[in-house]
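Chemist: Input: one structure, supplied below.
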Amino acid sequence: MPDMRFAPPNPLRIADRASGLNAVSVRSYNERLVLSLLLQSKDITRLEIGERTGLSAQTVSVIVRSLEQEGLIAKGEAQRGRVGPPTVPISLNPEGAYSVGISVGHRQVEVVLVDFVGSIRSHTVLPFSAAQDTNHPQFMTAIAKAIADLPRHLHSRIAGIGLALPGDEAELELTPKAARERFDALQEEVEREIGYPVYVQNDITAAAGGESMFGVAKHLSDYLFFYLGARLHSRLVLNHQIYNTTAAVSFDVGILRLEQEIRKNGNSPSELWERRADWPSFGDAEIAWQRELLEQMKSSIAALKPFVPVASVVLSSYAPQAVCKAICRELEQAMPGINAIAGNIERSPKAVGAAGLPFSSRFMVE
């Protein structure tokens, strides 16, 4: 059996009505098993599918033929030059399914449209304020535009909409009750106005699931996940599953702290919240912040080590990848034996992770 390494915890609620993809719905567990394997591994043969799933050659052939007819997978060019008949590699068809992902963040809402392999086809960033109503026109227009960016004949392949919501109401300056009411209204509104089922999950868990489905953590089974946003958040991943344990905590050493330090020096830190290739140098404020951030990450790893042999760390963020890679290098130097990896979902990891929720629910082995 393959190790299913990308299934995040179940969404808080899954819409129970079918919509879209009726012509390409996946019913069989074995079909889900094959699709899950193809999400992990690109260009594998029928023989390899059989070896890694335990399915017979005949069963694999039937499944591959069915999934190809439904447009969910595609065959590559035959590979020749080895003993026996040529082998044909099989991969997910990027245009086999699509999903919209939405992340509600500290200051911005991000909306992405991704294809079946996690490539971003559309990306919109909107300002966010807790004082705004959830039904403001910009928000609904951005979702509708993401869908409209697809040719009309592909709209039936939209699996649904994933919504990543913060679990730390303090970030949004809302009480827990107000946050729950706001987000319930948001979910209901999107389903009603857009017409696709909405899948909901905590935003940090969604980001971890996104890196596991589409990013650098695809081939990791056990690791400590950090998300660097307004605050620093963590999740513990064991045997490919994301756990909300004592590791699921947040720390006040994130980008919001860096902004505060920069303002103390009389400078403007507006670039921190922009989705851009790099930050300008923030001098001593950035050096001091990075030192504090590293100390917190080291403390979290050390606290887990007596109970879990943490060897790999993934740092995901919308911050420039150069910043994340520098932090990972410093962490590896400070803690020999730790493999620290910067996430490679550079644009909106939380929204991309949210977009993976419909795929996980509709097509993959849970």
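The values are calculated or read from the model by the stated rules, or taken from the named source; none is laboratory data. Every value quoted in this text rests on a predicted model; they were computed, and no experiment measured them. Positions of Cβ are backbone-derived with ideal geometry, glycine not excepted, and every protein chain shown enters the neighbour counts. Please note that ligands, DNA and RNA were not included when accessible areas were found on the heavy atoms of the full protein model with its side chains. Shrake-Rupley method; radii C 1.70, N 1.55, O 1.52, S 1.80 Å.
Chemist: What number goes with the only condition from (1) modelled with pLDDT under 85; (2) outside any loop (DSSP other than H, G, I, E, B) that Ala74 does not pass?
Modeler: (1)
Chemist: Right, next: Within the set of pairs 6+ apart or on separate chains, which have a first residue in the stretch 28-51 that is closer than 14 Å to Met213 by Cβ, a second that is of a type in the set (Lys, Arg) and assigned to a loop (DSSP other than H, G, I, E, B), and C-beta atoms under 7 Å apart?
Modeler: Taking only residues 6 or more apart or on different chains, the pairs are Gln40/Arg5.
Chemist: Still on this model: Go through Gln321, Gln241 for me and flag whichever is touching a Gly at 6+ places or on another chain (Cβ under 9 Å) and closer than 25 Å to His219 by Cα.
Modeler: From the options Gln321, Gln241, the qualifying one is Gln321.
Chemist: Criterion first (over 30 Å from Leu163 (Cα atoms) and either assigned to a loop (DSSP other than H, G, I, E, B) or open to solvent by 10 Å² or more (accessible area, probe 1.4 Å) (or both)) does Gly50 satisfy it? Can you show your working first?
Modeler: Working: over 30 Å from Leu163 (Cα atoms): yes; either assigned to a loop (DSSP other than H, G, I, E, B) or open to solvent by 10 Å² or more (accessible area, probe 1.4 Å) (or both): yes.
Yes, satisfied.
Chemist: Something else now. I'd like the full set of residues that are at pLDDT below 85 and more than 30 Å from Asn202 (Cα to Cα), limited to the stretch 14-64.
Modeler: Ala23, Asp43
Chemist: In addition: Mind listing just one residue for me: the one in the stretch 325-336 that is in contact (Cβ under 8 Å) with a residue 12 or more places away in the chain and open to solvent by 70 Å² or more (accessible area, probe 1.4 Å) and, of those, farthest from Asp278 (Cα to Cα)?
Modeler: First, the residues of the stretch 325-336 that are in contact (Cβ under 8 Å) with a residue 12 or more places away in the chain: 325-328, 330-331, 334-335.
In the following step, the residues that additionally are open to solvent by 70 Å² or more (accessible area, probe 1.4 Å) were identified as 325, 330.
On the way: Lys325: 12, Glu330: 18 Å.
That would be Glu330.
Chemist: Among the residues in the stretch 250-261, are any farther than 15 Å from Ala230 by Cα, outside any loop (DSSP other than H, G, I, E, B) and of a type outside the set (A, V, I, L, M, F, W, C)? Give the steps one after another, and end with the answer.
Modeler: Filtering the stretch 250-261 for residues farther than 15 Å from Ala230 by Cα gives none.
Within the stretch 250-261, none of the residues are farther than 15 Å from Ala230 by Cα, outside any loop (DSSP other than H, G, I, E, B) and of a type outside the set (A, V, I, L, M, F, W, C).
Chemist: Please go through (1) within 19 Å of the chain's Cα centre (by Cα); (2) more than 30 Å from Phe128 (Cβ to Cβ); (3) at pLDDT below 90 for Leu92 and return the number of the only condition it doesn't satisfy.
Modeler: Every condition holds for Leu92 apart from (3).
Chemist: Quick one: which residue in Val323, Val314 is in a strand (DSSP E or B) and under 15 Å from Leu232 (Cβ atoms)?
Modeler: Working: Val323 fails: in a strand (DSSP E or B).
Testing whether each residue is in a strand (DSSP E or B) and under 15 Å from Leu232 (Cβ atoms) leaves just Val314.
Chemist: Suppose the filter is closer than 23 Å to Tyr243 by Cβ, modelled with pLDDT of 95 or more and either outside any helix (DSSP H, G or I) or open to solvent by 60 Å² or more (accessible area, probe 1.4 Å) (or both); does Ile345 pass it? Talk me through it step by step, then tell me what you get.
Modeler: Details: closer than 23 Å to Tyr243 by Cβ: yes; modelled with pLDDT of 95 or more: no; either outside any helix (DSSP H, G or I) or open to solvent by 60 Å² or more (accessible area, probe 1.4 Å) (or both): yes.
No: the conditions fail for Ile345.
Chemist: A further question on this structure: Would you be able to say whether some residue in the stretch 277-285 is in a helix (DSSP H, G or I), crowded, with 17+ Cβ neighbours inside 10 Å, over 25 Å from the mean Cα position of the chain (by Cα) and not hydroxyl-bearing (Ser, Thr, Tyr)?
Modeler: Residues of the stretch 277-285 in a helix (DSSP H, G or I): 283-285.
So of that shortlist, the ones also crowded, with 17+ Cβ neighbours inside 10 Å come out as 285.
Within this subset, residues satisfying the condition of being over 25 Å from the mean Cα position of the chain (by Cα) are 285.
Those still in the list that are not hydroxyl-bearing (Ser, Thr, Tyr) too: 285.
Looking through the stretch 277-285, at least one residue is in a helix (DSSP H, G or I), crowded, with 17+ Cβ neighbours inside 10 Å, over 25 Å from the mean Cα position of the chain (by Cα) and not hydroxyl-bearing (Ser, Thr, Tyr).
Chemist: Here's something else I'd like to know. May I ask you to verify whether Ser212 is open to solvent by 20 Å² or more (accessible area, probe 1.4 Å) and not β-branched (Val, Ile, Thr)?
Modeler: Working: open to solvent by 20 Å² or more (accessible area, probe 1.4 Å): no; not β-branched (Val, Ile, Thr): yes.
In short, no.
Results for (1) modelled with pLDDT of 75 or more; (2) in a strand (DSSP E or B), shown as yes or no for each residue.
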position	(1), (2)
Glu110	yes, yes
Val117	yes, no
Ala131	no, no
Met140	yes, no
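Chemist: Something else now. From Ala355, Ala340, Ala351, grab the single residue that is in a strand (DSSP E or B) and crowded, with 24+ Cβ neighbours inside 10 Å.
Modeler: Values: Ala355 fails: in a strand (DSSP E or B); Ala351 fails: in a strand (DSSP E or B).
Only one candidate passes the filter, namely Ala340.
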